[in-house]
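First up is the structure itself, then whatever we jot down about it.
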Amino acid sequence: MSIIHNNGCFKLDTKNTTYSFQITKFGFLMHTHYGAKISDVDLAHVYPLARNRSFINAPAEDTEMVLNINDVPQEYSAFGIGDFRTTALRVRHNDGSRAADLRYQSFEIIKGAAKPEALPGATENGEEGIETLKITLKDTATELYVNMYYTVYEKCDVITRFNEIVNKCDTPVFVEKAASLQLDLFHREYDLVQFEGRWAQERHMKRSALSSGTQGFVSRKGTSSHQHSPFFCLCEKDTNEKAGGVYGFHLVYSGNHRTEVEVAQFDNPRVLMGINDEGFAWKLENADKFTTPQVLMTYSASGFGKMSNSFHAFIRNHIFRPKWKNVRRPLLINNWEATYFDFDQQKLIDLASTASKLGIELLVMDDGWFGHREDDKTSLGDWTPYKKRLPNGLKPLAEGINATGLKFGIWMEPEMISEDSELYRAHPDWVLSIPGRGRSLGRNQYVLDLVNDEVREYVFGAISDVLSSANIEYLKWDMNRYLTEVYSATLSADRQGEAYHRYVLAVYDILDRIITKFPNLLIEHCSGGGGRFDTGMLYYSPQIWTSDDTDAVERIDIQYGTSFGFPVTSMGSHVSAVPNHQTGRVTSMDMRANVAFSGTFGYELDINKLTNEEREMIKAQTAFYKEHYNLINFGDYYRLAHNDTFSAWSFVSGDKKEVLVFYVQKEGGPNGSDVFVKLDGIDPGACYKDAQTGEALYGNTLKNVGLCVPITQGERKTMCKYLKV
Ligand code: DGJ
């Protein structure tokens, strides 16, 4: 049993962690612990409730003023009754008041996992023994309820949470803020680790000590954004890859998000994560409920490595659909950086035919195949083949590609519309826009108002028609601008605060219906690279294009940061041409492959322009990737070293008998020092054999002394070693 209830105390245990809370005086739900596993169920003896402080705020019935609402660590607290910290819930009642006084009402232990309705989330995916705790809180003065769902994934050391705000009042209630997670901690000695960036530089790790007041990050872009991933960690001061306490949190959501860590007056941090409340207000009529997105939480007492591996396994096993759970996906070539808009049917078939000889399995036709799209100024919304490039449509192209032995995949950007399109000429009102205001352009395009059912049906129909028109086995779903003028003509004035979230729900709805209708379709998500790289999208598409930056050196930092929260198997990662199109940097073919191997591997260059020698290298690379597919995609991942000069990482099989180590020097330079890469996660008692040299290497030597990488002058050095017991 992973959920224990005893006399008003709740204890949620995973293999290595405990999460606990209990009902305290006057029915407040007091958080008591999240961290390494403990035995106590009742922790009342640890927390003094009454503190002799001035300026306290006691609940209305506490005439002796024993309890300070502003002191109690709470599971879910609301604005308006004396908790002056940032709160999880803010509601506006019909009389204009903004308050809710949430007290414990009931609990239920449910067999199996709970997932928020109409939103992505973790599922059992065939695993037994998963349990959910449902707790109901009630506002003392009204019929407003909060249902909190905690699902315990014992084996993975992960607990998921989400909440429902239920209005049983006779009058409407506006939910102005409803976090998915509130976690009150007990001291401030933590660092906040966030993953920030911008287009082509996504998810760079940034670690900073918590300071007094509120810190955190948001997205206001309508997507989870290139700038701030909805994933972060809180770690102890001395936490490193192998040691120290660290919490990890994912918001399973692809829209505006907010993470706040407030270090309040008594040095007690409060963590909130959920939908960004800026511009948000959700109207609940009587009997309506609002469901928050889900949060995934894990705690590791042994450093970032364990935290990452817990999330990697969890996402692979419980976020990916069963169809893609631990399944090999095709090795692809994408024509974007090979041709941009300059292609036709024959050019693609020529690419596929060379690709098939090199071990590549799927050709993805990128942007430019529809309407009359010569550049990024036209045709979005007109999802019919461009006669100039594909005179006979998609079917003969797919057949031609299939005849080379490759699968065929296609690019679409379904949420968008160009002003120069048949769709816009017919439906200028289908754009997300505010009447009387100008329409902001992003990459020369507008965003469709998916809140409007008619528009949503059109988009679903357009994707369906494309996918049904030929043997299309893969869809790259792109999204190349942020949301502005977020207003839907189909919503009443008092519901415009719902538009951002309704947009995200509409995207999820379309994705859901597409994968139901085309169950074998593989979707790769993309948003100008990694602008919507989140666990919400991973529920529908097990791979996401990590970044538009394909430069191997740049990718090291991007993939390093991404790996903290996301499994390698979710990161689209391609070998592209040199000089690199984003940075102009020249790196060796080996280095480009060694970086791209750590992801959903593929190519994005004109292989017909390569030398025979380069093509032979590709043949060897695809064979290598296929041979080690399981180890890379399903093995444990270790960040071994990462600094300004070099980076090293490895994959270790579950039985520790196979190890794949990568080393990449970021910059070449004169007169460097040799590097010793100490391996992690291996069996120290085993003797490994270097597959290339046949050399025998003891596990304890690899762990404690390391692999020596002698530095050569000049060129960036790269190394890949496969070791096997
Ligand atoms: C942005 C994507 O990230 C690229 O890979 C490519 O698909 C372009 N869009 C096409 O317009």
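Structural remarks
- Simple spin-label estimate for K724 and N700 gives 2.6 nm between the two label positions (7 Å along the Cα-to-Cβ direction from each Cα).
- Charging the Cβ of each Asp and Glu at -1 and of each Lys and Arg at +1, and nothing else, the dipole of the range 240-359 about its Cα centre rounds to 820 debye.
- Radius 14 Å from Cβ of R270, net charge of other residues (Lys, Arg +1; Asp, Glu -1): -3
- Pair A623, D375: separation of 7 Å Cα→Cβ label points (nm): 4.5
- For the range 367-416, GluC sites (Glu not before Pro) are listed when DSSP marks them as loop and at most 14 other Cβ atoms sit within 10 Å of their Cβ; the list is E374.
- When the listed pairs K237/K657; K134/K206; K11/K177; K111/K657; K155/K237 are checked against a 29 Å cut-off, the alpha-carbon distance exceeds it for K237/K657; K134/K206; K111/K657.
- Among E627, E176, the ranking by other beta carbons within 10 Å of each residue's beta carbon, starting with the fewest, stands as E627, E176.
- Residue-wise HN-Hα couplings along the range 384-400, as the Karplus relation 6.51 cos²θ - 1.76 cosθ + 1.60 with θ = phi - 60° gives them from phi, are 10, x, 6, 4, 4, 8, 10, x, 10, x, 7, 4, x, 5, 4, 5, x Hz; Gly and Pro carry x.
- Shape of the range 363-518, Cα gyration tensor, a/c cut at 1.5: prolate
- Going from the fewest other Cβ atoms within 10 Å to the most, the residues T87, T550 appear in the order T87, T550.
- Two-decimal log10 I(q)/I(0) for the range 291-409, as the Debye equation yields it once each C-alpha is a single scatterer, q = 0.15, 0.19, 0.20 Å⁻¹: -0.79, -0.95, -1.00
- Dipole of the range 501-562 [Lys/Arg +1, Asp/Glu -1 at C-beta], most positive-end residue of T562, P542, I515: I515
- Stokes-Einstein translational diffusion, the range 488-573 - Kirkwood Rh over all Cα pairs, 0.692 mPa s, 37 °C, in µm²/s: 224
- Net charge over other residues, Cβ less than 13 angstrom from the Cβ of A552 (K, R count +1; D, E count -1): -2
- Take the Cα radius of gyration of the range 75-135 and divide it by 2.2 N^0.38 Å, N being the number of residues; the result is 1.55.
- Paired Rg and Dmax values of the range 629-671, which use every Cα atom, in angstrom: 12.7, 40
- For the range 569-725, convex hull volume per residue from C-alpha positions, Å³: 121
- Relative to its residue count, the chain spans a Cα convex hull of 162 Å³ per residue.
- Among the GluC sites (Glu not before Pro) in the range 51-150, those located in a DSSP loop and surrounded by at most 13 other Cβ atoms within 10 Å of their own Cβ are E61, E64, E117, E128.
- When only the Cβ of Lys, Arg, Asp and Glu is charged (+1, +1, -1, -1), the dipole of the chain relative to its Cα centre reaches about 1000 debye.
- Cα shape, the range 123-200, gyration tensor, a/c 1.5 rule: oblate
- Mean separation of Cα contacts under 8 Å, 6 or more apart, over the residue count of the chain: relative contact order %: 10
- Descending Cα extents along the principal axes, the range 359-445, whole Å: 54, 24, 18
- Comparing N671, A620, Y688 along the charge dipole axis of the chain, the residue lying farthest to the positive side is Y688, per the Cβ-charge model.
- Computed [θ] at 222 nm, deg cm²/dmol, the chain (DSSP H ≥ 4; -39,500 (n - 2.57); rounded to nearest 500): -5500 deg cm²/dmol
- Other residues within the sphere of radius under 9 Å centred on the Cβ of K15, judged by their own Cβ, net out at -1 (K and R +1, D and E -1).
- Rg of the Cα atoms in the range 9-65, relative to 2.2 N^0.38 Å, amounts to 1.36.
- Qualifying trypsin sites (Lys or Arg not before Pro) in the range 1-66, DSSP loop, other Cβ atoms within 10 Å at most 16: K15, K37, R51, R53
- Size of charge dipole - the range 346-405 - debye, nearest 20, with Cβ of Lys, Arg +1 and Asp, Glu -1, no other charges: 220
- Neighbour counts of C-beta atoms inside 10 Å place L640, L67, L397 in the sequence L640, L67, L397, starting with the fewest.
Rule-based calculations on the coordinates, nothing more; no lab input. This is a predicted model, so every value here is computed, not measured. Cβ atoms come from the backbone with ideal geometry, glycine included; neighbour counts cover every protein chain shown.
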